[in-house]
Amino acid sequence: MDAGFFVQLAASAAAVGVLVAIAAWAKIARPVAPLDEHRARAILAEEFPGRAVEAVWVASDGAGALAKSGGLALVVCRVGDGFAARQIPWPQAVSATFRNGRLSVDLGDIAAPRAVITLPSWPPKSFDGDLAA
Amino acid sequence: MSLPDPIHAALNPVALATPIFIVTVLAEIILARMGKIDARYEGRDTAVSLGMGLGSNVAGLLFGAISFTAVVWVWQHWRIFDIPMTAWWAWVLVFLAEDLAYYWFHRLSHERRVWWLSHVNHHSSQHYNLSTALRQTWTGALNGSWSVYLVLSLLGFPPAMVAIQKGVSLVYQYWIHTEAIRRMPAWFEAVFNTPSHHRVHHARNAVYLDKNYAGILIVWDRLFGTFQPELDAEPCRYGLVKNLATFNIVRVAFHEWIAMAQDVVRHPRHALGYIFGPPGWSHDGSRETSAMIKARAAGGGEATSTGAAEPAVSPAAAAG
């Protein structure tokens, strides 16, 4: 096997480390303001066009949101300086683990395994009847 | 003077260009930091992009023999013509033939899930900068997407010649992954793939989905009806229709393989659809393909969300 390949690989790995450090130092990510309800609804409309949103719960830290849309929960979570969104059955969201003000939602997707949303309480009283749905 | 080896390439354009990749990514970051150009970098996103690029080199070492063996075997046993590596016209021909093969390889990589499995990696960043160009797949040799290039071997292009031209194409496509260059001169935009054309290709806006598959020459998209200019009224939003919610590089590399395997196991009667159908295909119509998304958007569905217009029903507990 070509020794030159490994020399280049090692040099490239070192360069990757330096570039990542410089990218982090540069602080040139997109500015992302914490979500408020207006912004959360705008993202939901973009990610789930045509879906009627009955209620939105925005994370206390503005890093995510959860909405009820019929029998579905629409989940938005911050990823770096962007967002990712998934939909899951509403009962699954209602029964998600809530501990120490953090709702941990299993999104059931290998590419989006879990969303953690900080909320004062969960599940919401007005919708927990849907748990049996 | 000895004739060039027709099987083993005497030079590797990608390896030769690697120092340029490093210097230009650094330059893009520094110039963006200084406010001189338009570029955005997020640390973990950059780490994944560059890590994928590094890993693709290792994957090539581990699995590259699969495609190399097939290419050489077809050329040795089935070639129609004997194309000399020393003729100038042969290099003009391989430039055009490889670029056309790339167009179809790339188009099929978007339109069939079995090939999208690997190519999805390149599109998984929500950023569009020079590091995104280096976000390369680890599994391209495993799903047979390279088989399009066997046509070139069949025609008689020596494997070394094709390998060099593929490298040239990859290096060309590096510089177009940037927001720092808005438009090239009109004549250039008409003929060549450019940052503007390729931003469209990386965008997840409905109007931009499955467009601009070109490698070097954008004329293939114009010819085959897949060209879409960048619209000032529709700023590009980058990434996947369903963006990743993780920076775990192993998940980034293999998520679509695992998702397809799960679909096949759960719905074995529909396995062929889940493997060879377009990305987003489902047996019960519960998911959306690009064609469905574009049709919905064209029908106006995307512009209106009843949810956005409704009054908020935010329990006090939900106030952010």
Here the residues within region B:111-161 that are in contact with a His (Cβ under 7 Å, 6 or more places away or on another chain) and farther than 24 Å from residue B:94 by Cα are B:116, B:123, B:128, B:129, B:130, B:132, B:135, B:137
Item to complete: Look at residue B:216 and say whether it is touching an Asp or Glu at 6+ places or on another chain (Cβ under 7 Å) and modelled with pLDDT of 95 or more.
Response: yes
Out of (1) outside the structural domain of residue B:132 (by TED's automatic domain parsing); (2) closer than 27 Å to residue B:220 by Cα, the one residue B:8 does not meet is (2)
Per the list (1) under 16 Å from residue A:49 (Cβ atoms); (2) within 13 Å of chain A (Cβ to nearest Cβ); (3) not in a helix (DSSP H, G or I), residue check on residue B:292 breaks on (3)
The one condition residue B:82 fails out of (1) within 12 Å of chain A (Cβ to nearest Cβ); (2) over 30 Å from residue A:31 (Cα atoms) is (1)
Per the list (1) assigned to a loop (DSSP other than H, G, I, E, B); (2) more than 16 Å from the chain's Cα centre (by Cα); (3) at the interface with chain B (Cβ under 8 Å from one of its Cβ atoms), residue check on residue A:31 breaks on (3)
_When you scan region A:110-129, do you find a residue that is closer than 25 Å to residue B:292 by Cβ and surrounded by fewer than 20 Cβ atoms within 10 Å (Cβ to Cβ), even just one?_
yes
### Flag if residue B:243 is in a loop (DSSP other than H, G, I, E, B) and at positive phi
no
So, first residue among the polar types (S, T, N, Q) in region A:96-109, second residue at pLDDT 95 or above and in a loop (DSSP other than H, G, I, E, B), Cβ within less than 9 Å, six or more apart or across chains; the pairs are A:104/A:96
**Study point:** Residue check, residue A:45 facing chain B (nearest Cβ under 8 Å), more than 30 Å from residue B:133 (Cβ to Cβ), touching a strand residue (DSSP E or B) at 6+ places or on another chain (Cβ under 7 Å) and crowded, with 18+ Cβ neighbours inside 10 Å
**Key:** no
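Regarding region B:81-103, can at least one residue be identified that is within 21 Å of residue B:253 (Cβ to Cβ) and buried (at least 19 other Cβ atoms within 10 Å of the Cβ)?
no
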Taking region B:24-39 and keeping only residues that are without any contact (Cβ under 8 Å) to a residue 40 or more places away in the chain, more than 10 Å from chain A (Cβ to nearest Cβ) and closer than 27 Å to residue B:243 by Cβ, one is left with none
- at negative phi, more than 7 Å from chain A (Cβ to nearest Cβ) and among the charged types (D, E, K, R): does that describe residue B:42? no
Exercise for the section: Check region A:79-96 and report whether any residue there is facing another protein chain (nearest Cβ under 7 Å), of a type in the set (A, V, I, L, M, F, W, C), more than 21 Å from residue B:288 (Cα to Cα) and crowded, with 16+ Cβ neighbours inside 10 Å. Expected result: yes
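Give me the residue from region A:58-72 that is more than 9 Å from chain B (Cβ to nearest Cβ) and surrounded by fewer than 24 Cβ atoms within 10 Å (Cβ to Cβ) and, out of that set, farthest from residue B:248 (Cα to Cα).
A:70
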So, first residue β-branched (Val, Ile, Thr) in region B:268-285, second residue not in a loop (DSSP other than H, G, I, E, B), Cβ within less than 9 Å, six or more apart or across chains; the pairs are B:275/B:113; B:275/B:114; B:275/B:260; B:275/B:263; B:275/B:264
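The values are calculated or read from the model by the stated rules, or taken from the named source; none is laboratory data. Small disclaimer: the values here were computed from a predicted structure and weren't measured. Counting neighbours? That spans all protein chains shown, and the Cβs are built from the backbone with ideal geometry, glycine included.
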